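Take a look at the structure set out below.
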Amino acid sequence: MAASETVVNDWDARANDADDMDEMVLNMGPQHPATHGVLRVELRTDGEIVKAARPHIGYLHRCFEKHCENVDYPGVMPYADRMDYCAAMGNTLGFALTVEKLCGIQVSPYVDTVRVVMAELQRIASHAVAVGTYTMDIGAFTPFLHLLRDREKILDLFEWTCGARLLYNYNWVGGVSHDLPDGFIRATRDLLREFDAVTYPELLDLIIHNRIFVKRLAHVGVCSPELAISHDLTGPNLRGSGVARDLRKDTPYCGYETYDFEVCVGQGQYGPKGSCFDRNWVRVVEMRESSRILHQALDRLEKMEKADVHEKVPKRVKPPKGEVYFRTEAPRGQLGYYLVSDGNINPYRVKVKSPCFTAMSAFHHLAKGMMIADIIALIGSLDIVLGEIDR
Amino acid sequence: MGVTYELLLRTFPALARWPSWVVIAIVTGLPALACFTFMALGPLVYVYGERKISAFMQDRLGPMRVGPVGLLQTVADTVKLLFKEAIFPRGVDRRLFVLAPLLVNVGAFMPFVVIPWGARLQPADLNVGVFYVVAIASLSTVGLIMAGWASNNKYALFGAMRSAAQIVSYEIPAVIVLLVPVMIVGSLSLHDITEAQRGGLQSWFLFRYFPIMPVAFLVFFVAGLAETNRAPFDIPEAESELVAGFHTEYSGFFFAMFFMAEYTEMFVFSSVATVLFLGGYQAPLPALQQLGPLPMGWFWLWAKAWLLIFVMMWLRWTLPRSRVDQLMHIAWKVLLPIALALVVVVGGLILLPATAGGFPWDRWVGWPLTIGLVGFLLFVMLRAFRWNRRRAQELAA
Amino acid sequence: MDPRAIHETLVAKFGDTITGAFLEGPSPFAVVAKDAIAEVAAFCKASPDLAFDNLMCLSGVDYPKETPPRMEVVYHLYSYTHLHTFALKVHVPREGPAVPTVEGTWGVANWHERECWDLFGIVFTGHSDMRRILLPDDWEGHPLRRDWQDPEYYNGLHVKPTVQMAERALAGEVIGVGPFDFTPANRHVDE
């Protein structure tokens, strides 16, 4: 079954090389506290220096794309949630917008604003987990708990709205599942006020500008913009290398063009641009920008009158025959859905382009020449969730 | 020892008639036993303290269920560890495997023999006290390497090697900087060093000879953090790294012994630092030295050592950890030159005729510099506080 | 550049190797002859007008019901300099599918093509590391094909639920086969 007639890759060819007898083959994972999921990384090291790193994925493959062919379009939503389980709002938003594009459904501005509120709250929560677990991998245990305290408040808001804390099935084709409850806007504002005034400055002071943290990360895992674009690193990974591209500005959806926010780019303030520190920095600053967008969205919601969120939800989702590729800016990068419809109630083919999948394709190139302790720093800086990589 | 003999003689006058070897055995054995028991119960309290302190720093509660506010948590943990099966993986060297935790504990507990808890409350007042402490504490390193080797585990060996390299590297600046108070006092005996700091807060070495002594204290503290494998130098026991540390393969009672040794070493190091720099059993005010008939020296030593332990825990839960090569860089390229410079400066001051006779350093150099530095720091802190408040207002707006 | 202009540029350079196009939908694409895809890809990246320096997505799709039955490999391209998108399609036969790799043009194609091979069985000639990526290394078959049947045995374990088990479950008996056991028969497969 294996295609043995193709070119033998350089990993296996060097297995019999006598010069490399001093190399140690080390296995990280699939059970490992710092690989953010079931990821297995096979390392070839010369002492502490890594010569080659080969990631093995597929331990969490749950056949999402095959399931999509057997259920109808609304039935895909719970499956879509479960891909990137740390940022579920983004996944369902992407699929809903893809199907709406193919069907030609245009939702009301109220639903758009609600979707933006949910997406940005999810972005803060997702980056909180990313930055928190990253600092925990580097050794500082406390920022993780401070950030998770704020994430708990966000999850409480989600539970209040739709009943679920982690996997919501919230964005439907043509609308959302539940309207915002009364008092939601005030609760969100309280949360954001505390985040802006307390958690965010503390995070910057305690850990982000901490000398030890900076020394661990500032010269590690430097990714040039060309490598990033060639390996399709997107989102904070790409912006950390200095490329200022954000889908919410380039190809806006849900009314993002009407909000005032900045694209966060890695500054390279402690080392070369594109280091692990810069990617992490982009995520930290993006939390602040999400907070800004949320303030604007909440202001609009207060002035808007409530609309029926199920108004445009069709009784049967039956897109016309055709295909579409649509991308959204998920917290981990560009999440793309390639949808092929043959006019039935089941999708014909759904292909998900997961941002973490493409980021891992660059792992081997970034990991060459670093020390084993830096491999942990590299994995955390790419912010991978195996559910999304393996689907 | 003399105290014990007098006390025992008063209660058992018949003791004088017993054969001398029995008397010696009792008189030396009893304080050792008391000391050892007291120290062995220490980790129970330290572990609970660490869990509660870390919890409060992380905005959570810590152990709350076992006993009131979780006070019996460590007892429960100890009982659990003692009852766990001590697994011997296949291929381990049994003798070394068992010997290693014993050796680490020997290195951790033996220094207590010379720690002075009071003017006459010291199990043994060796006149090479400091030297003895340093020498016997390095036994732990041997035990550590033994643990890594005997485990028959490539990752444990890796961790043991890293740990041994780290400890040995940091011992050098620690020992060199220990010479500073020794040179000033002129004696290696811990009792003499403590007595030289009699008189209250201002005569503690930390607050004299500014800026020499505070820098020496800092160097010793950082080196001690690295020697006890505490953050930010806890690479050998970092769970989120590839290597789980030299005590990977140990379970049950042996793991409990390693755990106990680590916390005891922390206390040893804090006690030594207290004796050398913070005045040992001297109270901050001479009036507090005796509470009626009860000498309070032991309390002050305990309190100061605990303060240092608190600082160590505080640092652990605040700072991330350094990478191995960065750690080595700090030891060899930062701490060692500073330590050598300090020794040279202090030695020079002692030898120079102008200052040899006890130059009133504090009055002309120490206190002016201290007041100036404190004033400058207060000014910077005030400015930072105001900047911070302004930024918080901006962000919340 | 708008899709029509991109298509015209490609046709001007490659002529007959661009065998078709569909430019009216939300994702316009051009169909490229199978053996020329590597050159077309290189041109797309190197040409200053097109400058497609990013391969957004590489998907395989199986069309067994078309005449002739075929599989497709779809390349979605994006340019970070001109900010335009386009798609290229390649038709491959369902028996012995083989396409030249575009790994040399876009590094990310390495992993996308491995996934395509893993799930569809499309071989990418010239690929440096043609191995399975998502499924276990000893898996047999390519599951995303439309004619895929769940295997009965895997490594000696009987894994396919039988009709008898389904009947017993429908009769109300708790047969406890596990969470991924009984699913309705694949609806798109003609029995």
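Is it true that B:Ala76 is surrounded by 12 or more Cβ atoms within 10 Å (Cβ to Cβ) and part of a helix (DSSP H, G or I)?
Judged against the criteria, B:Ala76 is a match.
Could you list, in sequence order, all residues of the range A:348-389 that are open to solvent by 10 Å² or more (accessible area, probe 1.4 Å), within 26 Å of A:Leu102 (Cβ to Cβ) and more than 9 Å from every other protein chain (Cβ to nearest Cβ)?
none
Are any of the residues in the range B:293-301 under 18 Å from the mean Cα position of the chain (by Cα), among the aliphatic types (A, V, I, L, M) and assigned by TED's automatic domain parsing to the domain that holds B:Ala231?
Yes, there is a match, as at least one residue in the range B:293-301 is under 18 Å from the mean Cα position of the chain (by Cα), among the aliphatic types (A, V, I, L, M) and assigned by TED's automatic domain parsing to the domain that holds B:Ala231.
Name, by its number, the condition in (1) in contact with a Gly (Cβ under 6 Å, 6 or more places away or on another chain); (2) part of a helix (DSSP H, G or I); (3) open to solvent by 10 Å² or more (accessible area, probe 1.4 Å); (4) of a type in the set (Lys, Arg) that does not hold for A:Lys312.
(2)
Please work out which one of (1) more than 25 Å from the chain's Cα centre (by Cα); (2) modelled with pLDDT of 80 or more is the condition B:Trp18 fails and give its number.
(2)
Does any residue of the range A:290-305 turn out to be open to solvent by 10 Å² or more (accessible area, probe 1.4 Å) and touching a Cys at 6+ places or on another chain (Cβ under 8 Å)?
no
Please determine whether any residue of the range A:329-340 is farther than 25 Å from A:Val263 by Cβ and either more than 7 Å from chain C (Cβ to nearest Cβ) or not β-branched (Val, Ile, Thr) (or both).
Our first condition is that a residue be farther than 25 Å from A:Val263 by Cβ; within the range A:329-340, this holds for A:338-340.
Those still in the list that are either more than 7 Å from chain C (Cβ to nearest Cβ) or not β-branched (Val, Ile, Thr) (or both) too: A:338-339.
Yes, that holds for at least one residue.
From the list B:Leu144, B:Leu102, B:Leu121, B:Leu126, which residue is in the same structural domain as B:Met257 (by TED's automatic domain parsing), closer than 17 Å to B:Phe253 by Cα and surrounded by fewer than 21 Cβ atoms within 10 Å (Cβ to Cβ)?
Testing whether each residue is in the same structural domain as B:Met257 (by TED's automatic domain parsing), closer than 17 Å to B:Phe253 by Cα and surrounded by fewer than 21 Cβ atoms within 10 Å (Cβ to Cβ) leaves just B:Leu102.
Please find, within the range B:189-205, the residue that is farthest from B:Leu285 (Cα to Cα) out of those that are open to solvent by 20 Å² or more (accessible area, probe 1.4 Å), at pLDDT 85 or above and not charged (D, E, K, R).
B:His191
If you take the residues in the range A:183-241 that are out of contact with any Pro (no Cβ under 6 Å at 6 or more places or on another chain) and on the phi > 0 side of the Ramachandran plot, which one is surrounded by the fewest Cβ atoms within 10 Å (Cβ to Cβ)?
Applying the filter and picking the extreme gives A:Gly183.
Given the conditions (1) open to solvent by 80 Å² or more (accessible area, probe 1.4 Å); (2) at pLDDT 85 or above, and given that B:Ile371 satisfies all but one, which numbered condition is not satisfied?
Going through the list (1) open to solvent by 80 Å² or more (accessible area, probe 1.4 Å); (2) at pLDDT 85 or above, B:Ile371 breaks only (2).
Out of everything in the range A:139-182 that is basic (Lys, Arg) and outside any loop (DSSP other than H, G, I, E, B), what residue ends up being least open to solvent (accessible area, probe 1.4 Å)? Working first, answer last.
Of the residues in the range A:139-182, the ones basic (Lys, Arg) are A:149, A:151, A:153, A:165.
After this cut, where a residue has to be outside any loop (DSSP other than H, G, I, E, B) as well, the list is A:149, A:151, A:153.
Numbers: A:Arg149: 60, A:Arg151: 32, A:Lys153: 64 Å².
Within the range A:139-182, the match that is least open to solvent (accessible area, probe 1.4 Å) is A:Arg151.
Say we look at the range A:187-223 and pick out the residues that are of a type in the set (Lys, Arg) and touching a helix residue (DSSP H, G or I) at 6+ places or on another chain (Cβ under 9 Å); which of these is modelled with the highest pLDDT?
Ranking the candidates gives A:Arg189 first.
Condition check ((1) of a type in the set (D, E, K, R); (2) over 26 Å from C:Ile122 (Cα atoms); (3) modelled with pLDDT of 90 or more; (4) assigned to a strand (DSSP E or B)) across all residues:
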position	(1), (2), (3), (4)
C:Met1	no, yes, no, no
C:Ala5	no, yes, yes, no
C:Thr19	no, no, no, yes
C:Cys44	no, no, yes, no
C:Gly60	no, no, yes, yes
C:Thr67	no, no, no, no
C:Val74	no, no, yes, yes
C:Thr81	no, yes, yes, no
C:Ala87	no, no, yes, yes
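Within the range C:44-58, is even one residue at the interface with chain A (Cβ under 10 Å from one of its Cβ atoms) and open to solvent by 10 Å² or more (accessible area, probe 1.4 Å)?
yes
Out of B:Leu126, B:Leu81, which single residue is touching a residue at least 40 places away in the same chain (Cβ under 8 Å) and farther than 28 Å from B:Gly279 by Cα?
One residue alone meets the criteria, B:Leu81.
Output the residue which, of all residues in the range A:32-49 that are within 13 Å of chain B (Cβ to nearest Cβ), touching a strand residue (DSSP E or B) at 6+ places or on another chain (Cβ under 9 Å) and part of a loop (DSSP other than H, G, I, E, B), is nearest to C:Asn110 (Cα to Cα).
Ranking the qualifying residues of the range A:32-49, first place goes to A:Thr35.
Matching residues to (1) within 14 Å of chain C (Cβ to nearest Cβ); (2) at pLDDT below 95; (3) closer than 30 Å to A:Gly221 by Cα:
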position	(1), (2), (3)
A:Val243	yes, yes, yes
A:Thr258	no, yes, no
A:Val263	yes, yes, yes
A:Gln267	no, yes, yes
A:Pro272	no, yes, yes
A:Ser275	no, yes, yes
A:Lys306	no, yes, no
A:Val317	no, yes, no
A:Glu323	yes, yes, no
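Please go through (1) in a loop (DSSP other than H, G, I, E, B); (2) among the hydrophobic types (A, V, I, L, M, F, W, C); (3) over 30 Å from B:Met313 (Cα atoms) for A:Ala52 and return the number of the only condition it doesn't satisfy.
Only one criterion in (1) in a loop (DSSP other than H, G, I, E, B); (2) among the hydrophobic types (A, V, I, L, M, F, W, C); (3) over 30 Å from B:Met313 (Cα atoms) is unmet by A:Ala52, namely (1).
Out of A:Val220, A:Val265, A:Val284, report the one residue that is among the β-branched types (Val, Ile, Thr) and not in a loop (DSSP other than H, G, I, E, B).
Going through A:Val220, A:Val265, A:Val284 in turn, the sole match is A:Val284.
Please work out if B:Pro293 is farther than 18 Å from B:Trp204 by Cα, of a type outside the set (A, V, I, L, M) and loosely packed, with under 14 Cβ neighbours inside 10 Å.
Answer is yes for this residue.
Among the residues of the range C:20-41, which ones are within 17 Å of C:Pro100 (Cβ to Cβ), without any contact (Cβ under 8 Å) to a residue 60 or more places away in the chain and open to solvent by 60 Å² or more (accessible area, probe 1.4 Å)?
C:Glu39 - this is the single residue of the range C:20-41 that is within 17 Å of C:Pro100 (Cβ to Cβ), without any contact (Cβ under 8 Å) to a residue 60 or more places away in the chain and open to solvent by 60 Å² or more (accessible area, probe 1.4 Å).
Quick check on my filter: what residues within the range A:331-357 are among the aromatic types (Phe, Trp, Tyr), within 13 Å of C:Leu58 (Cβ to Cβ) and over 11 Å from the mean Cα position of the chain (by Cα)?
A:Tyr338
Return the pairs, sorted by first residue and then second, in which the second residue is not in a helix (DSSP H, G or I), the first residue lies in the range B:185-202 and is of a type in the set (A, V, I, L, M, F, W, C), the beta carbons are less than 6 Å apart, and the residues are 6+ apart or on different chains.
That search, which allows pairs on different chains as well, returns B:Val185/B:Ala196; B:Leu188/B:Val128; B:Leu190/B:Pro116; B:Leu201/B:Pro284.
So which residues in the range C:98-111 are more than 8 Å from chain A (Cβ to nearest Cβ) and either farther than 19 Å from C:Pro69 by Cβ or surrounded by fewer than 22 Cβ atoms within 10 Å (Cβ to Cβ) (or both), if there are any at all?
The initial filter retains those residues of the range C:98-111 that are more than 8 Å from chain A (Cβ to nearest Cβ), namely C:98-105, C:109.
Once the filter is applied, which keeps residues that are more than 8 Å from chain A (Cβ to nearest Cβ) and either farther than 19 Å from C:Pro69 by Cβ or surrounded by fewer than 22 Cβ atoms within 10 Å (Cβ to Cβ) (or both), the range C:98-111 yields C:Ala98, C:Pro100, C:Thr101, C:Val102, C:Glu103, C:Gly104, C:Thr105, C:Ala109.
Matching residues to (1) assigned to a helix (DSSP H, G or I); (2) more than 16 Å from the chain's Cα centre (by Cα); (3) closer than 30 Å to A:Leu43 by Cβ:
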{"residue": "B:Leu121", "(1), (2), (3)": "no, yes, no"}
{"residue": "B:Leu126", "(1), (2), (3)": "no, yes, no"}
{"residue": "B:Val133", "(1), (2), (3)": "yes, no, no"}
{"residue": "B:Ala156", "(1), (2), (3)": "yes, yes, yes"}
{"residue": "B:Ser163", "(1), (2), (3)": "yes, yes, yes"}
{"residue": "B:Ile167", "(1), (2), (3)": "yes, no, yes"}
{"residue": "B:Tyr170", "(1), (2), (3)": "yes, no, yes"}
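The values are calculated or read from the model by the stated rules, or taken from the named source; none is laboratory data. Bear in mind that the values here come from a model prediction, so they are computed numbers and not experimental data. Cβ atoms come from the backbone with ideal geometry, glycine included; neighbour counts cover every protein chain shown. What goes into the accessible areas is simple: the full protein's heavy atoms, side chains included, and nothing from ligands, DNA or RNA. Shrake-Rupley method; radii C 1.70, N 1.55, O 1.52, S 1.80 Å.
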